[in-house]
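Quick notes on the structure that follows.
The values are calculated or read from the model by the stated rules, or taken from the named source; none is laboratory data. The structure displayed is predicted, hence computed values, not measured ones. Don't worry about glycine lacking a Cβ; one is built from the backbone with ideal geometry, like all the others, and counts go over all protein chains shown. When the accessible area is computed, the model is the full protein with side chains, heavy atoms only, and any ligands, DNA or RNA have been set aside. Shrake-Rupley method; radii C 1.70, N 1.55, O 1.52, S 1.80 Å.
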Amino acid sequence: MDYFNTVEKRYSHKERFLPDAVPLASLESIAKAGLAAPTGYNSQCVKLVILKNREEVQPLCDIVQTEGLLTAPAAIAVLTDSEAHQNEHNFELEDYAAAATQMLLAATALGYVSLWLDSPFFDENNQKAALNALGASSRYHLRVLLPIGLPEGTGSRRNKQSFDERVYYGKMT
């Protein structure tokens, strides 16, 4: 699939997934796309946990009960390592966002759908429970969970503002 077609086709899948397994090779390709993203000062603070089947996804479903996650056949957890900084600059947010974006596009290019699922982990109790479920210490922060699979049905897409409503030339006037 051509890059621009992939970008246009990608959407946040908030509905049910088919139970079809996602091959490990596909999950690894998606993860590699995320790890290829730029990182501030090359800190490489982004760490990934591939949840390759329903059994591995299920412990997070006990914490987050959204329809997409409850039916996802696989997922990738995107964490940042708070001890990866080599100076006073902290690019954890930028780094994980770049990695997650590239993984969402990679999933789309491979014919899968996904969702940027982060808000449940803003809650400190959910964050701690999720880190525990993932076997991660408190030095890590779960930033986003990407359920991955094939959609059950066509999936709904939200309308986007037009190019002309969001892009300015020279200055915003």
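Applying 1/(1 + (r/R0)^6) with r as the Cβ-Cβ distance of residue 70 and residue 44 and R0 = 30 angstrom yields a FRET efficiency of 0.40.
Maximal additional length on extending the residue 62-residue 93 stretch stands at 8.6 nm, based on 0.36 nm per residue less the C-alpha distance.
Counting Lys and Arg as +1 and Asp and Glu as -1 over every other residue whose Cβ lies under 12 Å from the Cβ of residue 98, the net charge comes to -2.
For every other residue with a beta carbon closer than 13 angstrom to the beta carbon of residue 21, add +1 if it is Lys or Arg and -1 if Asp or Glu, then tell me the sum. It works out to a net charge of -1. By the combined test of axial Cα extent (at least 20 Å) and Kyte-Doolittle hydropathy (mean at least 0.0), the qualifying DSSP H helices of the chain come to 92-109. For the chain, the Cβ-based charge dipole about the Cα centre amounts to some 340 debye (Lys, Arg positive; Asp, Glu negative; other atoms uncharged). Extension gain, residue 119 to residue 14: 0.36 nm times the residue separation minus the Cα-Cα distance gives 36.5 nm. Per-residue Karplus couplings for region 139-151, computed as 6.51 cos²θ - 1.76 cosθ + 1.60 with θ equal to phi - 60°, are listed in order as 6, 9, 9, 6, 8, 7, 10, 10, x, 9, x, 9, x Hz, Gly and Pro entered as x. With protein chains left intact and a 1.4 Å probe, residues in region 93-142 average 47 Å² of accessible area per residue.
Relative contact order of the chain, taken over Cα pairs closer than 8 Å and 6 or more residues apart, is 32 percent.
Please report, as a whole percent, how much of the solvent-accessible surface of region 58-119 comes from carbon and sulfur atoms (probe radius 1.4 Å). Using a 1.4 Å probe with all protein chains present, region 58-119 comes out at 50 percent carbon and sulfur.
Each of the peptides 123-135, 157-169, 95-107, 57-69 was scored by the mean count of other Cβ atoms within 10 Å over its residues; in descending order, highest first, they stand as 95-107, 57-69, 123-135, 157-169.
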